[in-house]
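First up is the structure itself, then whatever we jot down about it.
FYI, it's all coordinate maths here, none of it is from the lab. The model shown is predicted, which means the values in this text are computed figures rather than measured ones. As a convention, Cβ positions derive from the backbone with ideal geometry for all residues, glycine included, and neighbour counts pool all protein chains shown.
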There are 2 protein chains.
Amino acid sequence: MPRAATTTDVFNAVAEPRRRDIIALLSNGQEWPVNDVVVRLQLAQPAVSKHLGVLRKVGVVTVVKRGQHRMYKLEAANLKPVHDWAKTFEHLWTNQISRIKERAEQKAMERIVRENQPRPKNQK
Amino acid sequence: MPRAATTTDVFNAVAEPRRRDIIALLSNGQEWPVNDVVVRLQLAQPAVSKHLGVLRKVGVVTVVKRGQHRMYKLEAANLKPVHDWAKTFEHLWTNQISRIKERAEQKAMERIVRENQPRPKNQK
DNA sequence: GACATATATTCCTATATAGGAATATATAAG
DNA sequence: CTTATATATTCCTATATAGGAATATATGTC
């Protein structure tokens, strides 16, 4: 049984790091022609086209034809499922971080108290 | 050239929906024995073991041996890269939603103003 | 129309995998 | 020790894919 296709859903589409790179590039709000993506990411043109094809299929990018150019634009909202899914677990690591912080502060307090302790007199 | 292995990074590990289901289950904060996951998700035991193996490899779960039981625990913090990555784009759809909201409110205001406009007297 | 440029698509290939089936390994109980 | 239970792992298989190489398609310029 094969793995789910990369075009199954956003999760599968963005698993591939180069596609994440493309998304990051397009996130500046501008429309990008394919060749600019090629140059910026130093990937081969057919590779870029293929990746963009996947992203288009899952709705993460859209394309507008401008003469011989294909301008690609990010549809960021379609990344929301990933964010929403991961956000479900945010409270788990947030609490963890608070707990680590509390522990550090407690240790700092103990250290301060210890340093302000009057020193025992020399027995000598 | 093959696809990146599922154990390459968290993105690849969670691309598979059944693994996302397992993560959701373990997110209740408890330790889960394999068989409970099997029963709850109605998956075959070997399949669950394999998925857990992937998740363990990328650090998303850890396992404690308790006699003949293997208790699995979520390490949610290791999902943070996914959240952080998606969060990068949050402002893009948040602004979109605000804009949709503003437009709706403007339309509502115009409607209210229109409804409170004194009616033209009948010419009759 | 010839030639140039942009880009999508096809062909090819080695590789990884999810589940099914089977089996190996590890612990518990009597 | 035998039997039972929990679970990891192996073997098998059909499928999808990322990039390389090549090619097809679409638009621009003179």
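Taking the Cα centre of each part, how many Å lie between segment B:1-24 and segment A:20-87?
22
Given H placed 1.01 Å from N in the peptide plane, which residues other than close sequence neighbours of B:ARG70 have an amide H under 5 Å from its amide H?
Close amide H contacts, sequence-distant or interchain: B:VAL34.
If you put +1 on each Lys and Arg Cβ and -1 on each Asp and Glu Cβ, how big is the dipole of chain B around its Cα centre, in Debye rounded to 20?
Values: 23 positive and 12 negative charges, 98 e Å.
Once rounded to the nearest 20, the dipole reads 480 debye.
How far, in whole Å, is the closest Cβ of chain B from the axis that maps B onto A, and which residue does it belong to?
Spelled out as residue then distance in Å, it is B:ALA15, 2.
Going by alpha carbons, how many degrees (0 to 90, nearest 10) lie between the helix axis of A:45-57 and the longest principal axis of chain A?
80
Going down the list A:LYS107/B:LYS87; A:LYS101/B:LYS87; A:LYS57/A:LYS87; A:LYS57/A:LYS80, which pairs span over 28 Å between their C-alpha atoms? List each step's numbers first, then the result.
On the way: A:LYS107/B:LYS87 33 Å; A:LYS101/B:LYS87 23 Å; A:LYS57/A:LYS87 25 Å; A:LYS57/A:LYS80 16 Å.
Too far apart for the 28 Å limit: A:LYS107/B:LYS87.
Taking the Cβ of A:ARG40 as the centre, find all other residues whose Cβ is under 13 Å away and add up their charges (Lys, Arg: +1; Asp, Glu: -1).
On the way: positive: A:ARG18; negative: A:ASP21, A:ASP36.
Every neighbour counted, the sum reads -1.
With axes computed from alpha carbons, what is the tilt in degrees of helix A:90-115 against the longest principal axis of chain A, rounded to the nearest 10 within 0 to 90?
That helix lies at roughly 30 degrees to the long axis.
Across 10 Å bins from 0, what is the distribution of all Cα-Cα pair distances for chain A, in whole percents?
11, 29, 18, 12, 10, 8, 6, 4, 1, 0
Local charge sum around B:THR94 (other residues, Cβ-Cβ under 12 Å, Lys/Arg +1, Asp/Glu -1)?
Details: positive: A:LYS80, B:LYS87, B:ARG99, B:LYS101; negative: B:GLU90.
Charge balance near B:THR94 sits at +3.
Can you give the mean number of other chain Cβ atoms that lie within 10 Å of the Cβ atoms in peptide B:66-78? Working shown, then result.
Numbers: counts 0, 0, 0, 0, 0, 0, 0, 0, 2, 3, 10, 6, 2.
Going residue by residue through B:66-78 and averaging, the value is 2.
So for chain A, averaging the separation of alpha carbon pairs under 8 Å that are six or more residues apart and normalising by length, what relative contact order in percent results?
22
Just the C-alpha atoms of the protein assembly as shown: what Rg/Rh do they give, with Rh taken as the Kirkwood radius? Before the final figure, lay out the partial values.
Values: Rg = 26.6 Å, Rh = 22.4 Å.
That ratio is 1.19, to two decimals.
Using the 7 Å Cα-to-Cβ label point, sort the distances from B:LYS101 to its equivalents in the other copies shortest first and give them in nm to one decimal.
Inter-copy label distances (nm, one decimal, shortest first): 2.5.
Within 13 Å, Cβ to Cβ, of A:ALA108, how many net charges do the neighbouring residues add up to if Lys/Arg are +1 and Asp/Glu are -1? Intermediate values should be presented prior to the final figure.
Details: positive: A:LYS101, A:ARG103, A:LYS107, A:ARG111, A:ARG114; negative: A:GLU102, A:GLU105, A:GLU110, A:GLU115.
In short, +1.
Along the Cα-to-Cβ line of B:ARG103, 7 Å from the Cα, sits a label point; which residues in segment A:66-103 have backbone N less than 14 Å from it?
Under cut-off, by backbone N: nothing.
Tell me the distances, shortest first, between B:ALA24 and the same position across the other copies, using label points 7 Å along Cα→Cβ, in nm to one decimal.
2.9
Compute, for segment A:6-68, the length of the dipole vector about the Cα centre, with Cβ point charges of +1 (Lys, Arg) and -1 (Asp, Glu) only. Units Debye, rounded to 20. All intermediate terms of the calculation are to be shown ahead of the outcome.
Numbers: 9 positive and 5 negative charges, 29 e Å.
Rounded to the nearest 20 debye, it is 140 debye.
Mean residue ellipticity at 222 nm from the helices of chain A, using -39,500 (n - 2.57) per DSSP H segment of n ≥ 4 over the full residue count, to the nearest 500 deg cm²/dmol? Don't skip to the end; give the middle numbers.
Details: 6 runs with 70 residues, N = 124.
Calculated mean residue ellipticity at 222 nm is -17500 deg cm²/dmol.
If you average 1/r over all unlike Cα pairs in segment B:10-76 and invert the result, what Kirkwood radius do you get in angstrom? Don't jump to the answer; show the numbers that get you there.
Working: mean 1/r = 0.0860 Å⁻¹.
In segment B:10-76 this quantity evaluates to 11.6 Å.
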